[in-house]
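First comes the structure, then the notes that go with it.
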Amino acid sequence: MSPLLLFLIFGGGPLAWYFWREHKLNTPSLQWPSMRTALGLTYEANPPRLGGAWNGRKVAIESGADGVTITAWLNAETRLRVECAARELVTKRAGMLVPDAVEPVETAFKQKLLARCSDKAAGPLVFDATMQQRLSDLSHVDFVGEQFRVVWKAPVVKELNETEALLGALCAVADGLESFPKGGGTRAQTKRP
């Protein structure tokens with residue numbers, strides 16, 4: 001057999017499979033339809049979108065020009081505004097009204113992320129040690145929560161386990177925000193899964 005034919009059989013096949021797999025993982029219109037069943041969400045094309053109820057909370061995963069937007073809606077309006085992302089990003093986008101930074105209790109969180117909350121006393125409750133650990137374990141964190149929703153920006157959503165972890169953290173943040181309704185007062189903190 002010729003060397004070119006041997007390369008095509010033994011080298012080209014695995015190489016082509018690798019590039020196809022990477023292309024599929026990074027293309028929402030190819031990857032998300034296979035994720036919909038496992039997540040229990042509905043898939044819509046043009047633009048690619050997953051939506052529905054995930055663990056009892058309305059969520060949406062939408063593809064856009066600048067990446068992916070993941071949204072979880074609250075059942076009641078919150079009085080808080082929270083944000084969490086890489087330390088440099090949160091510091092860079094801070095405007096005139098800068099919510100109080102949450103004092104980190106987890107070392108990994110402190111090294112990687114910065115969280116801010118409009119209510120200094122509520123910040124440690126929304127971003128407790130469990131939440132800080134959960135967020136620091138994720139590869140990309142960038143969200144803002146206020147009024148009726150929490151919106152998370154990500155460069156790509158492709159792996160099922162990573163997507164489930166992201167949705168779990170997003171819904172846990174939404175649970176925390178619902179503990180501080182707009183009308184005032186504080187509801188009992190619900191235990192996070």
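Side notes on the structure shown:
- Where Leu97 falls short, out of the listed (1) part of a loop (DSSP other than H, G, I, E, B); (2) modelled with pLDDT of 85 or more: (2)
For every residue, the table says whether it meets (1) at pLDDT 90 or above; (2) crowded, with 17+ Cβ neighbours inside 10 Å; (3) aliphatic (A, V, I, L, M).
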residue	(1), (2), (3)
Val102	no, yes, yes
Arg149	yes, yes, no
Glu162	no, no, no
Arg187	no, no, no
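- Residue-level analysis places Val82 among those that are farther than 30 Å from Asn46 by Cβ, in a strand (DSSP E or B) and β-branched (Val, Ile, Thr).
- Looking only at residues in the stretch 116-136 that are within 24 Å of Asn161 (Cβ to Cβ) and not hydroxyl-bearing (Ser, Thr, Tyr), the one that is surrounded by the fewest Cβ atoms within 10 Å (Cβ to Cβ) is Ala129.
- When residues of the stretch 28-79 are limited to those that are of a type in the set (S, T, N, Q) and assigned to a loop (DSSP other than H, G, I, E, B), the one nearest to Arg116 (Cα to Cα): Asn75
- Contact map, the stretch 42-67: first residue touching a residue at least 60 places away in the same chain (Cβ under 8 Å) and under 13 Å from Thr163 (Cβ atoms), second residue β-branched (Val, Ile, Thr) and not in a strand (DSSP E or B), Cβ cut-off under 9 Å, separation 6 or more or different chains; pairs are Ile61/Val157; Ile61/Thr163.
- Filtering the stretch 135-161 to residues that are in contact (Cβ under 8 Å) with a residue 40 or more places away in the chain and not in a strand (DSSP E or B) leaves Leu135, Val141, Gln147, Phe148, Pro155, Val156, Val157, Lys158, Glu159, Leu160.
- Taken together, Ala65, Ala60, Ala76 contain a single residue that is surrounded by fewer than 16 Cβ atoms within 10 Å (Cβ to Cβ), closer than 20 Å to Val144 by Cβ, modelled with pLDDT of 90 or more and of a type in the set (A, V, I, L, M, F, W, C), which is Ala76.
- Hits in the stretch 128-149 - residues which are touching a Cys at 6+ places or on another chain (Cβ under 8 Å) and of a type outside the set (Val, Ile, Thr): Leu135, Asp142, Phe143
The values are calculated or read from the model by the stated rules, or taken from the named source; none is laboratory data. The model shown is predicted, which means the values in this text are computed figures rather than measured ones. Using ideal geometry, Cβ is built from the backbone for each residue, glycine included, and neighbour counts are taken over all protein chains shown.
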